[in-house]
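The values are calculated or read from the model by the stated rules, or taken from the named source; none is laboratory data. All of these numbers come straight from a predicted model, not from anything done at the bench. Neighbour counts are summed over all protein chains in view; Cβ atoms, including those assigned to glycine, are modelled from backbone coordinates with ideal geometry.
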Amino acid sequence: MSSLIRATSLQGIDTLILEFGANVAAIMQACNINVDFTQLENQYVSYRCYAALLEYCAQQFNCPSFGLKLASRQSFDILGYISIAAKSGTYLSDALDWVVKYLHLHSPALRLTAHPLEDDKSLFLSFEINLNPLPNINQVTELTIGLAMGAIKKLSNNQCKPITVFLPQKLTTSKYAYNSYFDCKVIEHRNSAGIVIAKQDLSIALEQGELTNVEAARNFLAKNSQYNSPLPIQVSALMRPMLPIYQCSNHTIAAALNMHPRTLHRKLAKHNTSFVKLKDTTRRALAQHYLTQGQLTISTISELLGYQEQATLSASVKRWFGCSPRAFRTNNC
């Protein structure tokens, strides 16, 4: 089930496809997806096929903003019981806690982490897609961030204003269009997709509406325990968005895990690793990924890995792979 997602994530895509003048059944068949759009709540689809469907539609309809268009048609309710429990909280922090703990029930391929930045005034909500190898996720990433942004604004009655949006890919349309959609600065080419909000916004009272099935939702979630990845995997996931903004320190990562740095050190030692080793391993994996893509300059890759100097990246790549970054790219692209 690790590569599945609830079919509710297809909410609205059938009508959007029709508006482009295409045949819904033919599009679904081309992407190996077979669902009953009247019963999405009871079905799952392959996450890879789901991501491929969004990319296929964007290309077929020459619509680089397809993911964002779909996000504007969807609601937080696609998360089912998770959204009901989240909306039953008192503050925005309560809602985020529910999603962080139980998003894996919507799709085990998705992971949301919330951790403070070093200024201690802002919070980074980071989304990870845990598939290996990673497919083309440009459209599904923009859909996820767009939907998350809409949910945060709805829950806070538009009181929570995003500060920055990070996207791992090159922007598929004009930067102005992104800035207008998200109503904040959008930065491309980051190791993780995510949203930066003010930490004080966590205390915003949720918009209270008439809720049903709250008890059923909480009981269901209580019976499905929180999924915890092994600590080294959690640390590596937290490192990725922190590297390019030069905030990947043991203090920052420990704070994100609600630990003292010494406690983190001891627990990592039990896994026969350390913060320094994990940081190096994470950088190595990222370097291998970016260098084989062939889209980013060596200078940009150096920044994404959190190096102040390009020469440091060159030395690391030679240590990891026995050659220079350019030689590695030539041999592997």
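Residue-by-condition table, conditions (1) touching a helix residue (DSSP H, G or I) at 6+ places or on another chain (Cβ under 6 Å); (2) over 20 Å from HIS106 (Cβ atoms):
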site: THR15; (1), (2): no, yes
site: VAL24; (1), (2): yes, yes
site: PHE37; (1), (2): yes, no
site: ASN42; (1), (2): no, no
site: ALA52; (1), (2): no, no
site: CYS57; (1), (2): yes, yes
site: GLN60; (1), (2): no, yes
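If we scan segment 98-119, do we find a residue that is farther than 18 Å from LEU147 by Cα, surrounded by 17 or more Cβ atoms within 10 Å (Cβ to Cβ) and either touching a Pro at 6+ places or on another chain (Cβ under 9 Å) or free of Cβ contacts under 8 Å to residues at least 40 places away in the same chain (or both)? Yes. Please work out which one of (1) surrounded by 18 or more Cβ atoms within 10 Å (Cβ to Cβ); (2) under 30 Å from SER236 (Cα atoms) is the condition LEU206 fails and give its number. Status for LEU206: all satisfied but (2). Would you confirm whether or not segment 248-269 contains a residue that is outside the structural domain of LEU123 (by TED's automatic domain parsing), within 20 Å of LEU286 (Cβ to Cβ), among the hydroxyl-bearing types (Ser, Thr, Tyr) and buried (at least 16 other Cβ atoms within 10 Å of the Cβ)? Within segment 248-269 (the criterion being outside the structural domain of LEU123 (by TED's automatic domain parsing), within 20 Å of LEU286 (Cβ to Cβ), among the hydroxyl-bearing types (Ser, Thr, Tyr) and buried (at least 16 other Cβ atoms within 10 Å of the Cβ)), the answer is yes, since at least one residue qualifies. Looking only at residues of segment 297-309 that are crowded, with 16+ Cβ neighbours inside 10 Å and touching a helix residue (DSSP H, G or I) at 6+ places or on another chain (Cβ under 6 Å), we find that the one that is nearest to LEU231 (Cα to Cα) is LEU305. If you check THR173 against the conditions, is it under 26 Å from SER3 (Cβ atoms) and hydroxyl-bearing (Ser, Thr, Tyr)? No; evaluated as a whole, the condition is false for this residue. Across segment 169-202, the number of residues qualifying as under 18 Å from TYR91 (Cα atoms) and either of a type in the set (Ser, Thr, Tyr) or out of contact with any strand residue (DSSP E or B) (no Cβ under 7 Å at 6 or more places or on another chain) (or both) comes to 2. Scanning segment 229-242 for residues that are touching a helix residue (DSSP H, G or I) at 6+ places or on another chain (Cβ under 7 Å) and in contact (Cβ under 8 Å) with a residue 60 or more places away in the chain returns LEU238, ARG240, MET242. Evaluated against (1) buried (at least 20 other Cβ atoms within 10 Å of the Cβ); (2) in the same structural domain as ILE137 (by TED's automatic domain parsing); (3) within 22 Å of ASP119 (Cβ to Cβ); (4) among the hydrophobic types (A, V, I, L, M, F, W, C), CYS184 falls short on exactly one condition, (1).
A quick yes/no check of all residues on (1) touching a Gly at 6+ places or on another chain (Cβ under 7 Å); (2) of a type outside the set (A, V, I, L, M); (3) over 30 Å from ALA86 (Cβ atoms):
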{"site": "ALA222", "(1), (2), (3)": "no, no, no"}
{"site": "PRO244", "(1), (2), (3)": "yes, yes, no"}
{"site": "ALA254", "(1), (2), (3)": "no, no, no"}
{"site": "HIS265", "(1), (2), (3)": "no, yes, yes"}
{"site": "PHE275", "(1), (2), (3)": "no, yes, yes"}
{"site": "PRO325", "(1), (2), (3)": "no, yes, yes"}
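Can ILE245 be described as closer than 30 Å to ARG329 by Cβ and in a helix (DSSP H, G or I)? No. Every condition in (1) of a type in the set (Ser, Thr, Tyr); (2) in a helix (DSSP H, G or I); (3) farther than 20 Å from GLU128 by Cβ is met by TYR307 except one, and the failing one is (2). Only residues that are within 19 Å of SER75 (Cα to Cα) and either among the polar types (S, T, N, Q) or not in a helix (DSSP H, G or I) (or both) were counted across segment 123-147, and they come to 5. Only one of the numbered conditions (1) part of a helix (DSSP H, G or I); (2) touching a Phe, Trp or Tyr at 6+ places or on another chain (Cβ under 8 Å); (3) closer than 22 Å to LEU231 by Cβ is not met by ARG266, and that is (2). The number of residues in segment 166-217 being part of a helix (DSSP H, G or I), free of Cβ contacts under 8 Å to residues at least 40 places away in the same chain and among the charged types (D, E, K, R) comes to 2. Filtering segment 203-237 to residues that are more than 27 Å from SER88 (Cβ to Cβ), among the aliphatic types (A, V, I, L, M) and at pLDDT 85 or above leaves LEU231, ILE233, VAL235.
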